[in-house]
Amino acid sequence: MDVRGGALGRAGALIDNAWTTTRRSLPVVNPHDGAVVGAIARGSVADVDDAVRSARKGFVTWSTRNGRERAKTLRAVADGLRRRRETLARLETTDCGKPLDESAWDVDDAIGCFEYYADRCERVFGERAYAEEVVELPDEDFAGRVRREPLGVIGLITPWNYPLLMATWKVAPALASGCAVVLKPSEEASLTCQVLGDVCVEAGLPPGALCVVTGRGDEAGAALCAHRGVDKISFTGSFRTGQTIMRACAQDVKPVSLELGGKSALVIFDDCDLEKAVEWAMFGCFWTNGQICSATSRVLVHENIRERFLARLKEASEAIPVGDPLAEGCRLGPLASAAQYKKVTSMVNRIKRTKIHLLTGGNRPRARGCEKGFYIEPTVFVDPPLDSEAWREEIFGPVMCVRSFRTEEEVIAITNDSEYALAAAVITDDVARRERMASAFDVGIVWIQCSQPAFTQLPWGGRRRSGFGRDLGVNGMDKYMHQKQIVEYTSGAQFEWYPMFKKS
Ligand code: NAD
């Protein structure tokens, strides 16, 4: 794929290891200037049906390969991504607007994720296609085993904020477990997932083990959820779509796992290094142009350092290099799409009208190159009421809300007072307090002395409206497997339950 040309994207779906041609398409828009730079296929119900049929065949082949063979292919996928690192990073930035350095980071993480699950796959399955454990039973006439086998065909539905990485977080462990997958990336950013498809074919994945159907959520996505040939849906996206998907899957009691939104808190105590705290607060909310599910967009700062914190935050936020995300050194690019721009700016304008104090931002940046695209300044509101939209709703843009607090009890209560429960972070030099906060935070992810780092080796996910199930980690393959118990009667003797079979 040519990154500079005006014709990015594939006009078909990846089915049976070949790209089909579809009549309908969706535009690829560069969020930097709103220009249409290509097109992707708008997959239909029939495309999804073809993909699922292909995946069912792919499952038969792929699931019978042993752990060592699967690991070899996954390592070849990692190598293929590595060879295309620069192209992938530029495509990602062109498609969703994240600064180029961040896109390159995402590609590295995706490579690491495939390598990690190649290792896990080899360790868990070895020379077998499944994992098996002997279980001690209280009856010596019987022997018991638990076999963990791949679930089958998994529908993967992913968002646009980390297009390649969120897909990889699911594709790598699902393939490692022996499942076949049908990936439906976000219609707002599918280019790198199409390249992932090419890479998997090159790496020797058998036909159907990975199918990619691009298109709209309410068409291709909904068709995948409703399809009887899909054994599970693994979804990352918004709370509302998560609800719709869960409802759709309930029809057949199809299992789902949901990684949804958040409104996470960062708590900063007065015993910390202020410079470090301000930088983590900015990174925690402005990274990925503020479009992070785990963004610590609620910042709680101890009242003793409030004024100094706000002054430094304002000064530093206004100095962030904003502009063309392909330009060297850019640290904040445009929002990913026109729809996202409209959503974020209308929310910001609504908050402005409530008279909540605007510390900085809230407008289109004045920097050169930001005239046309979906740009908004890093924005900070101060003291929004605890029941306000600003404080409670996920904005999904570079918009931070700051409040101050006095006591530990108070700040724990405020942190946990959210319908979401994805992440929470604390910055304090008091080691005992760090542990108290880690225990008190009612979330799936806790950061201490930082905000946002994500590692393939650790489980990722939230609670309540942030969803359930976990991506990644040592047990990351578990959600793509089921447990089968195998019981064997090992005694050679007659069972002798019925009198006519009694021997004595
Ligand atoms: P979204 O819910 O609008 O879309 C996500 C995916 O769902 C897309 O592929 C879309 O096409 C599809 N979809 C939409 N309607 C559908 C339907 N009816 N049936 C099936 N599929 C459908 O989310 P988004 O705007 O792409 O992403 C932003 C959201 O994702 C934010 O809320 C963010 O917090 C969340 N997110 C969560 C995590 C996490 O790990 N918890 C990570 C990244 C993003």
Kindly provide the set of residues from the range 87-119 that are surrounded by fewer than 24 Cβ atoms within 10 Å (Cβ to Cβ) and farther than 20 Å from GLN452 by Cβ, ordered by number.
THR87, ARG90, GLU115, ASP119
Does any residue in the range 41-63 that is under 19 Å from GLU187 (Cβ atoms) come within less than 8 Å, Cβ to Cβ, of a residue that is crowded, with 23+ Cβ neighbours inside 10 Å and of a type in the set (Ser, Thr, Tyr) six or more places away or on a different chain, and which pairs are these?
ALA41/THR214; ARG42/THR214; GLY43/THR214
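Select, from ASP79, ASP108, the only residue that is assigned to a helix (DSSP H, G or I), without any contact (Cβ under 8 Å) to a residue 40 or more places away in the chain and closer than 22 Å to GLY204 by Cα.
On the way: ASP79 fails: without any contact (Cβ under 8 Å) to a residue 40 or more places away in the chain.
The unique qualifying residue is ASP108.
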For residues that are over 30 Å from ASP417 (Cβ atoms) and buried (at least 22 other Cβ atoms within 10 Å of the Cβ), tally how many sit in the range 233-275.
1
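Results for (1) at pLDDT 95 or above; (2) farther than 24 Å from ASP108 by Cα; (3) within 16 Å of the ligand (Cβ to nearest atom); (4) in contact with a strand residue (DSSP E or B) (Cβ under 8 Å, 6 or more places away or on another chain), shown as yes or no for each residue.
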{"residue": "ARG403", "(1), (2), (3), (4)": "yes, yes, no, yes"}
{"residue": "THR407", "(1), (2), (3), (4)": "yes, yes, no, no"}
{"residue": "ALA413", "(1), (2), (3), (4)": "yes, yes, no, no"}
{"residue": "ALA424", "(1), (2), (3), (4)": "yes, yes, yes, yes"}
{"residue": "ASP430", "(1), (2), (3), (4)": "yes, yes, no, no"}
{"residue": "VAL446", "(1), (2), (3), (4)": "yes, no, yes, yes"}
{"residue": "SER451", "(1), (2), (3), (4)": "yes, no, yes, yes"}
{"residue": "PHE455", "(1), (2), (3), (4)": "yes, no, yes, no"}
{"residue": "ARG463", "(1), (2), (3), (4)": "yes, yes, yes, yes"}
Residues of the range 194-220 satisfying the condition of being touching a helix residue (DSSP H, G or I) at 6+ places or on another chain (Cβ under 8 Å) and near the ligand (Cβ under 10 Å from one of its atoms):
THR214, GLY215, GLY217, GLU219, ALA220
Looking at the range 77-99, which of its residues are more than 19 Å from the chain's Cα centre (by Cα) and under 21 Å from ALA7 (Cβ atoms)?
ARG84, GLU86, THR87, ARG90, THR94
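Looking at TYR116, TYR130, which one is closer than 21 Å to ARG68 by Cβ and in contact with a strand residue (DSSP E or B) (Cβ under 6 Å, 6 or more places away or on another chain)?
On the way: TYR116 fails: in contact with a strand residue (DSSP E or B) (Cβ under 6 Å, 6 or more places away or on another chain).
Only one candidate passes the filter, namely TYR130.
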Exactly one of these conditions fails for SER418: (1) away from the ligand (no atom under 16 Å from the Cβ); (2) among the polar types (S, T, N, Q); (3) over 30 Å from VAL124 (Cβ atoms). Give me its number.
(1)
Looking at this structure, is GLU315 touching a Lys or Arg at 6+ places or on another chain (Cβ under 8 Å) and over 30 Å from PRO159 (Cα atoms)?
no
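Each row is one residue, and each column tells you yes or no for (1) touching an Asp or Glu at 6+ places or on another chain (Cβ under 8 Å); (2) not β-branched (Val, Ile, Thr).
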site	(1), (2)
ASP430	yes, yes
GLN457	no, yes
GLY462	yes, yes
PHE468	no, yes
LYS484	yes, yes
THR490	yes, no
GLN494	no, yes
PRO499	no, yes
If you scan the range 449-467, which residues turn out to be under 14 Å from SER294 (Cα atoms) and of a type in the set (A, V, I, L, M)?
ALA454
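With the requirement that a residue be in a strand (DSSP E or B) and more than 29 Å from MET400 (Cα to Cα), what does the range 445-504 give you?
Within the range 445-504, the subset in a strand (DSSP E or B) is 445-448, 460, 463-464, 467-468, 471, 481-489.
Once the filter is applied, which keeps residues that are in a strand (DSSP E or B) and more than 29 Å from MET400 (Cα to Cα), the range 445-504 yields MET481, HIS482, GLN483, LYS484, GLN485, ILE486, VAL487, GLU488, TYR489.
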Looking at the range 300-312, is at least one residue surrounded by 24 or more Cβ atoms within 10 Å (Cβ to Cβ) and within 16 Å of the ligand (Cβ to nearest atom)?
no
Name every residue in the range 226-273 that is within 17 Å of CYS293 (Cβ to Cβ) and away from the ligand (no atom under 12 Å from the Cβ), in order of residue number.
ALA265, LEU266
Please identify the pairs in which a residue from the range 475-504 that is farther than 24 Å from PRO138 by Cα has its Cβ atom under 7 Å from the Cβ atom of a residue that is part of a helix (DSSP H, G or I) and hydrophobic (A, V, I, L, M, F, W, C), counting only partners at least 6 apart or on another chain.
MET477/VAL124; MET477/ALA176; TYR480/ALA174
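Working carefully through the options GLY362, GLY397, GLY373, find the one that is part of a loop (DSSP other than H, G, I, E, B), buried (at least 18 other Cβ atoms within 10 Å of the Cβ), touching a strand residue (DSSP E or B) at 6+ places or on another chain (Cβ under 7 Å) and small (Gly, Ala, Ser).
Details: GLY397 fails: touching a strand residue (DSSP E or B) at 6+ places or on another chain (Cβ under 7 Å); GLY373 fails: touching a strand residue (DSSP E or B) at 6+ places or on another chain (Cβ under 7 Å).
Every option except GLY362 fails the conditions.
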Take LEU91 and tell me if it is under 30 Å from VAL322 (Cβ atoms) and either assigned to a loop (DSSP other than H, G, I, E, B) or touching a helix residue (DSSP H, G or I) at 6+ places or on another chain (Cβ under 9 Å) (or both).
yes
Single condition GLY155 does not satisfy, out of (1) on the phi > 0 side of the Ramachandran plot; (2) within 16 Å of the ligand (Cβ to nearest atom):
(1)
Of LEU164, LEU183, LEU210, LEU191, the only residue that is surrounded by 24 or more Cβ atoms within 10 Å (Cβ to Cβ), out of contact with any strand residue (DSSP E or B) (no Cβ under 7 Å at 6 or more places or on another chain) and at pLDDT 95 or above is LEU164
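Is there a residue in the range 102-117 that is more than 16 Å from the ligand (Cβ to nearest atom), modelled with pLDDT of 95 or more and in contact with a Pro (Cβ under 8 Å, 6 or more places away or on another chain)? I'd like the intermediate steps shown before the answer.
Initially, the range 102-117 is screened for residues more than 16 Å from the ligand (Cβ to nearest atom), giving 104, 107-108, 111-112, 114-117.
The next check asks that each one be modelled with pLDDT of 95 or more; those that pass are 104, 107-108, 111-112, 114-117.
Those left that are additionally in contact with a Pro (Cβ under 8 Å, 6 or more places away or on another chain): 117.
Among the residues of the range 102-117, at least one is more than 16 Å from the ligand (Cβ to nearest atom), modelled with pLDDT of 95 or more and in contact with a Pro (Cβ under 8 Å, 6 or more places away or on another chain), which makes the answer yes.
GLN251: at negative phi and either among the acidic types (Asp, Glu) or without any contact (Cβ under 8 Å) to a residue 12 or more places away in the chain (or both), yes or no? Show your work before the answer.
Working: at negative phi: yes; either among the acidic types (Asp, Glu) or without any contact (Cβ under 8 Å) to a residue 12 or more places away in the chain (or both): no.
Criteria not met by GLN251.
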GLU279 vs. criteria in contact with a helix residue (DSSP H, G or I) (Cβ under 8 Å, 6 or more places away or on another chain), within 13 Å of the ligand (Cβ to nearest atom), closer than 29 Å to LEU164 by Cα and of a type in the set (D, E, K, R)
no
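The values are calculated or read from the model by the stated rules, or taken from the named source; none is laboratory data. A quick note: this is a predicted structure, and the numbers were derived from the prediction, not measured. For neighbour counting, all protein chains shown are included, and Cβ atoms are generated from backbone atoms with ideal geometry for every residue, glycine included.
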